[in-house]
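Take a look at the structure below.
Every read-out reported here was derived from the displayed coordinates using simple, explicitly stated rules and does not represent laboratory data. In this text, all values refer to a predicted model and were calculated from it rather than measured experimentally. Here Cβ is always computed from backbone atoms with ideal geometry, including for glycine, and neighbour counts include all displayed protein chains.
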């Protein structure tokens, strides 16, 4: 049987994404005859090269909830610019509800220093060196959404240079020669 191009592409996509199950929760609905149990899954999916997304799914069985969450994660992917393909370009804060996160760029060899749901996001994203701290809630949904809030605000040097009307070498060159305190002082004017 001949395979259509769409089928072949679907099979390749399955293997190219990194999927991480962040949490699974059993929920109950009280009805006349007793309780009906369902499952809610939170999944992070990424290509390991700068794209990542998250999704949540609910169903009566665990595999179906995970499948729904994975499909939603693949549909909601965002691109995050990475420095040298291994870390973030700059430090950033993110928040969602009571969840607050601090993401910091790290030198080579640091590894992923992050807990729980944030570690899954960075592994799916393809980040090898980052330091992250969650402040506030430990609810996985809020931690994931706060982390994505921060990741959406990461800007690459090209974007910053075009916005300021400068060359990329001006932006990158300054980063390596000045200390962080000097950079902050220069930014504040």
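A search for C-beta distances below 9 Å between a residue of the stretch 97-124 that is without any contact (Cβ under 8 Å) to a residue 12 or more places away in the chain and any residue that is in a helix (DSSP H, G or I), counting only pairs 6+ apart in sequence or on different chains, returns 122/147. Based on this model, can you work out whether residue 43 counts as surrounded by 14 or more Cβ atoms within 10 Å (Cβ to Cβ), under 22 Å from residue 137 (Cβ atoms), in contact with a helix residue (DSSP H, G or I) (Cβ under 8 Å, 6 or more places away or on another chain) and free of Cβ contacts under 8 Å to residues at least 24 places away in the same chain? No.
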